[in-house]
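What follows is a short report on a single structure.
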Amino acid sequence: MKAVNDAHELEYEEKPEIVAKAPGRFHLIGEHSWFFKDKTLSMAVNLPVYIAISKRKDTTIKIYFHQLDERKRSTVTSLKFKKEDKWANALKSVVYGFTSGGFDIGGMNITIYSEILPSAGFGITTAIKVAESVAIKNLFNLNCSDMELLQVLERGNRLFLQQNNYIADNFSAMFSKKGNLLITDHFKNTWDYIPYSFEDKKIVLVDTKVPRVSVWREDSLFEPQNVLILGDLREHKTNIYGGWRYINDITDINEQLDQVSEDLHRKLMSIIREHNDVLEARDGLASTDFFKFARAVNHSHETMRDMYNISCPEIDWILKRVNELEPKLDYVRNPVTCGRITGKGFGRCLYAIMREGDVETFRDKINEFEKIFGFHPDIYIVEPSDGVSIVHE
């Protein structure tokens, strides 16, 4: 907290008037099925982003990213997307979201303080946007509800950045509670909390530093006809969370999917399996059954690796070592560890959940990974965190 205040004062020769903090985040299961109105299981984590702001007397916006030692500028009245501005476009999108919605705001000096850079993933870019939106709302005393803030973020994403608006990202950064995971229902545009009670486990995030190399375009899957195909495979179940699930009859599923190519068949089957894994993981959390939860996580990674085709050999190697931390047990039925690729996929990040006593052994495996593959991962031990908050005003 003191560090971000000092950074802002050193840069602008004035103390910030307000500081907001938002958490990093990773998705456990379901981040690739939002287009099909399915569900996403997420965890906000204690990798915070701080946004410090002070008002200016003009309409200029000055932005300083402390860890990058980079500076950008714009104005409230002439916001422009520039490829070279990279991370700064995210902040400009929030300002656009306010002004395009009729909110009156002025010039600002803004400082970003984050030990984790946006390039790592882990929801840092979303955390920047959400922290900035809450800071601006409070700084200018705007009459803006949480739902209107979500609309600010959506306008910024869709209209300024020209990209999709992922509500699971926004919900996680805004509404998460310490000690809980958050499940987003994309069909209802709602979220729910699930207590995380596995206190004997450690949650490990790994940025493998493996470059993301796409082997297929994920947005090629997001077509209305594919939504209709999967829609015909849903069945209403009042005793199931969310009120529905995909049918279990593999014959009926294959008959419905036979109208598409073999590759698309596999991808759509992945979506079906992901929804089931979200429900299974949620049930495991609700009943404090780690075996059930971990089976769902491990199964989801197998789906991402073998059917959805977004993993890579380096990440698979690490997750195989995770499953070998207890070689005497059948990890398929009663796993004491679990893990999965997370984020955009096609490389880069994973998470693993393991016993505290296994963490040092896991670090040794990462050292072995560095020697074999030549990448130097960053490892973070994390825990479920609260959503965005004002920490100074």
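Within the stretch 339-393, what whole-number % of the accessible surface is contributed by carbon and sulfur, with the 1.4 Å probe and all protein chains included in the calculation?
Taking all protein chains in place, the stretch 339-393 shows 44 percent carbon and sulfur surface.
Before I look further, what does the chain give for accessible area per residue, probe 1.4 Å, in whole square angstrom? It would help to have the intermediate numbers written out before the result.
Details: 17550 Å² over 393 residues.
On a per-residue basis, the chain sits at 45 Å².
Can you flag which of 83/365; 202/292; 177/371; 57/129 are past 27 Å Cα-Cα? Before the final figure, lay out each step's value.
Numbers: 83/365 38 Å; 202/292 17 Å; 177/371 39 Å; 57/129 23 Å.
Violating the 27 Å limit, Cα to Cα: 83/365; 177/371.
Assuming a ≥ b ≥ c are the square roots of the Cα gyration tensor eigenvalues, decide whether the stretch 82-238 counts as rounded (a/c under 1.5), prolate (otherwise, with a/b larger than b/c) or oblate.
On the way: a/c = 1.37, a/b = 1.30, b/c = 1.05.
It comes out rounded by the Cα gyration axes.
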> Using a 1.4 Å probe, how large is the accessible area of residue 190, given in Å² and rounded to the nearest 10?
Replying inline: 60 Å²
> Top mean-square fluctuation among 219, 185, 207, Gaussian network model of the chain, C-alpha springs under 10 Å?
Replying inline: 219
> For the stretch 179-331, what class follows from the C-alpha gyration tensor (a ≥ b ≥ c being the square roots of its eigenvalues): rounded when a/c is under 1.5, otherwise prolate if a/b is larger than b/c, else oblate?
Replying inline: oblate
> To two decimal places, what compactness ratio does the chain give when its Cα radius of gyration is scaled by 2.2 N^0.38 Å?
Replying inline: 1.01
>> Heavy atoms only, 1.4 Å probe, whole protein assembly: order 366, 247 by accessible area, highest first.
In response: 247, 366
> Applying the Karplus parametrisation 6.51 cos²θ - 1.76 cosθ + 1.60 with θ = phi - 60° to the phi angles of the stretch 277-287, what ³J(HN,Hα) value in whole Hz is obtained for each residue in order, glycine and proline being reported as x?
Replying inline: 5, 4, 5, 5, 5, 4, 5, x, 5, 5, 9
>> Tell me the accessible surface of residue 265 in square angstrom (1.4 angstrom probe, heavy atoms of protein chains only), to the nearest ten.
In response: 40 Å²
> Hey, any idea what % of the stretch 289-331's accessible area is carbon plus sulfur with a 1.4 Å probe?
Replying inline: 49 percent
>> For a quick check, take a GNM of the chain with Cα springs below 10 Å and name the residue from 214, 114, 270 with the largest mean-square fluctuation.
In response: 214
> Cα atoms only, the stretch 209-248: Rg and Dmax in Å?
Replying inline: 15.7, 44
> What percent does the relative contact order of the stretch 1-138 come to when contacts are Cα pairs within less than 8 Å and at least six residues apart?
Replying inline: 31 percent
> Counting only protein heavy atoms and using a 1.4 Å probe, what share of the accessible area of the stretch 4-160 belongs to carbon plus sulfur, as a whole percent?
Replying inline: 46 percent
> With θ set to phi - 60° and the Karplus curve 6.51 cos²θ - 1.76 cosθ + 1.60, what are the ³J(HN,Hα) couplings of the stretch 167-179 in order, to the nearest whole Hz, using x for Gly and Pro?
Replying inline: 5, 5, 4, 5, 4, 4, 5, 8, 10, 4, 10, 4, x
>> Need one word for the stretch 250-348: rounded, prolate or oblate. Basis is the Cα gyration tensor (sqrt eigenvalues a ≥ b ≥ c); a/c below 1.5 gives rounded, then a/b vs b/c decides.
In response: oblate
>> Taking the Kirkwood radius as the inverse of the mean 1/r across Cα pairs, report the Rg/Rh of the stretch 211-283.
In response: 1.01
> Once Rh for the stretch 1-91 is found with the Kirkwood sum over Cα pairs, what is the Stokes-Einstein diffusion coefficient at 4 °C and 1.567 mPa s, in µm²/s?
Replying inline: 82 µm²/s
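Taking all pairs of distinct Cα atoms, average 1/r, flip it, and tell me the Kirkwood hydrodynamic radius of the stretch 35-139 in Å to one decimal place.
On the way: mean 1/r = 0.0688 Å⁻¹.
One decimal place: 14.5 Å for the Kirkwood radius.
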>> Rounded to the nearest 10 Å², what accessible area does residue 144 have for a 1.4 Å probe in the complete protein model?
In response: 10 Å²
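From the P(r) of the stretch 74-124, can you give the percent of Cα pairs sitting at distances over 14 Å? Mind dumping the intermediate values first?
Numbers: 736 of 1275 pairs.
Cα-Cα pairs in the stretch 74-124 separated by more than 14 Å: 58 percent.
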> Among bridges DSSP assigns within the stretch 42-149, what percent are antiparallel (round to 5)?
Replying inline: 70 percent
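Sorting 324, 360 by accessible area (1.4 Å probe), largest first, what list results?
Descending accessible area places them as 360, 324.
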>> Out of all DSSP beta bridges in the chain, what portion is antiparallel? Express it as a percent rounded to 5.
In response: 90 percent
> If you plug each phi of the stretch 31-39 into the Karplus form 6.51 cos²θ - 1.76 cosθ + 1.60 with θ = phi - 60°, what whole-Hz ³J(HN,Hα) values come out, in order, with x for Gly and Pro?
Replying inline: 6, 9, 10, 4, 4, 8, 6, 8, 10
> What are the extents of the Cα atoms of the stretch 142-189 along their three principal axes, listed from largest to smallest and rounded to whole Å?
Replying inline: 34, 26, 18
> Taking R0 as 22 Å, what's the FRET efficiency between residue 68 and residue 383 from their Cβ-Cβ distance, rounded to 0.05?
Replying inline: 0.25
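The values are calculated or read from the model by the stated rules, or taken from the named source; none is laboratory data. Computed from a predicted structure; not experimentally measured. No Cβ is skipped: glycine too gets one built from the backbone with ideal geometry, and neighbour counts run over all protein chains shown. For the accessible areas, the whole protein counts, side chains as well, though only heavy atoms, and no ligand, DNA or RNA atoms are used. Shrake-Rupley method; radii C 1.70, N 1.55, O 1.52, S 1.80 Å.
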